[in-house]
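A quick write-up on the structure given underneath.
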Amino acid sequence: MTRNHTKNHRNDLRIPLLLFPFLFLAGSIFAQDTLPEKIYLPKNVSHDLSLLQFELYDGYLSPLYYNGYGLQYRQDVRRVWSEKRPNLSMQNCYTLNVAVTLNPARTAAMTYLSFEYKWGMYYHFRRDKKFSILLGGTVTPEIGGRMLPGNTNNVGNLDLGASVNLAAQGRWKIPTKKRVLQFNFSIAAPIMGLVFAPEMGASYYEIFYLEGKQNVSHFTSFHNKYAFYRYYSLDIPFKNSIFRIGVQRNLLKYYVGENFYKRKYGGIMLGWQKNIVTFAGRKSNPPKNTVIY
């Protein structure tokens, strides 16, 4: 009786021990199903280089229109705002413009240089998988200047300002036999802002050294400023990135006191874009739970 009792006791202990690995495996699978997966939010980075035709008018420097050519480099970084708000995206855009223009008689040259930063938010309205509209707004500070060495009174004028803009974008996917193309358009217009503009005849020496800083900062809105920015592009995907070709047309003009300013430019642009994902491990492809902009 003692041996049989001991043997039965050992058999009773083996059953839980044999079941333990299966219980552990089942618990692991259940834990994986219940724990939320991590969501990855990649950055959509594009680089564009544009060849532009410029038209400049600076009433502070000259009463003549200046025409010429310039280059523009633009870096545009976008991403989805958060994993809980995939229909909301954020934009950071950096733009550098360089141009050389001439007066109608080709006797004087006005050079132009500016840097612009744009921060924006957009809400995505998706009609279907092929077409979507983005509505939002941007805040755009800008710093630059125009130089006219032949001007005996003032050889240059600062181009400082900031504006709040209404913006809209559209994206239309076009399936083809080998790849899916995407047509993009972007429009924006300012609704209010500030601009630096000295009075006619006032020199920068008087403004900064003789305490003549009054009337150099001006509020702008629909009553004295008009601007409209337009971008159209076609994205052609390749293996690791997307090639972009497009055109842009932009117009800015405003009246401040007795001075009138105008900047009009447009041309063709070439660029490329890529989604940059940061995640742990040595994987070569982004995880499946990645929210692409």
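The values are calculated or read from the model by the stated rules, or taken from the named source; none is laboratory data. Computed from a predicted model, the values in this text were never measured in an experiment. With ideal geometry, Cβ positions are generated from the backbone for all residues, glycine too; neighbour counts draw on all protein chains shown.
Observations, loosely collected:
- Test: residue 66 is under 17 Å from residue 159 (Cα atoms), of a type in the set (Ser, Thr, Tyr) and loosely packed, with under 14 Cβ neighbours inside 10 Å: no
- Of the candidates 101, 95, the single residue that is under 30 Å from residue 238 (Cβ atoms), in a strand (DSSP E or B) and at pLDDT 95 or above is 95.
- Any hit, segment 113-132, residues being in contact (Cβ under 8 Å) with a residue 24 or more places away in the chain, surrounded by 16 or more Cβ atoms within 10 Å (Cβ to Cβ), among the aromatic types (Phe, Trp, Tyr) and over 15 Å from residue 81 (Cα atoms): no
- Taking residues in segment 54-72 that are over 13 Å from residue 253 (Cα atoms), and partners anywhere that are in a loop (DSSP other than H, G, I, E, B) and not aliphatic (A, V, I, L, M), the pairs with Cβ atoms closer than 6 Å and at least 6 places apart or on different chains are 61/151; 64/103; 66/103.
- Residue 46 vs. criteria touching an Asp or Glu at 6+ places or on another chain (Cβ under 6 Å), part of a strand (DSSP E or B) and in contact (Cβ under 8 Å) with a residue 60 or more places away in the chain: yes
- Scanning segment 212-231 for residues that are surrounded by 16 or more Cβ atoms within 10 Å (Cβ to Cβ) and under 17 Å from the mean Cα position of the chain (by Cα) yields a total of 2.
- One residue stands out in segment 19-72 among those that are hydroxyl-bearing (Ser, Thr, Tyr) and farther than 30 Å from residue 93 by Cα: the one that is modelled with the lowest pLDDT, namely 34.
- Qualifying residue in segment 108-117 (condition: part of a loop (DSSP other than H, G, I, E, B), of a type in the set (A, V, I, L, M, F, W, C) and modelled with pLDDT under 95): yes
- Considering (1) exposed (fewer than 13 other Cβ atoms within 10 Å of the Cβ); (2) more than 30 Å from residue 244 (Cα to Cα), the lone condition that residue 157 does not fulfil carries the number (1).
- Summed over segment 213-242, the residues that are within 30 Å of residue 273 (Cβ to Cβ) and either charged (D, E, K, R) or touching a Cys at 6+ places or on another chain (Cβ under 7 Å) (or both) give a count of 3.
- Verdict on residue 235 being under 24 Å from residue 112 (Cβ atoms) and among the acidic types (Asp, Glu): no
- Filtered residues of segment 142-153 (kept if under 18 Å from residue 262 (Cα atoms) and over 20 Å from the mean Cα position of the chain (by Cα)): 145, 146, 147, 148
- From 139, 164, 180, residue being over 30 Å from residue 261 (Cα atoms), under 23 Å from the mean Cα position of the chain (by Cα), of a type in the set (Val, Ile, Thr) and in the same structural domain as residue 59 (by TED's automatic domain parsing): 180
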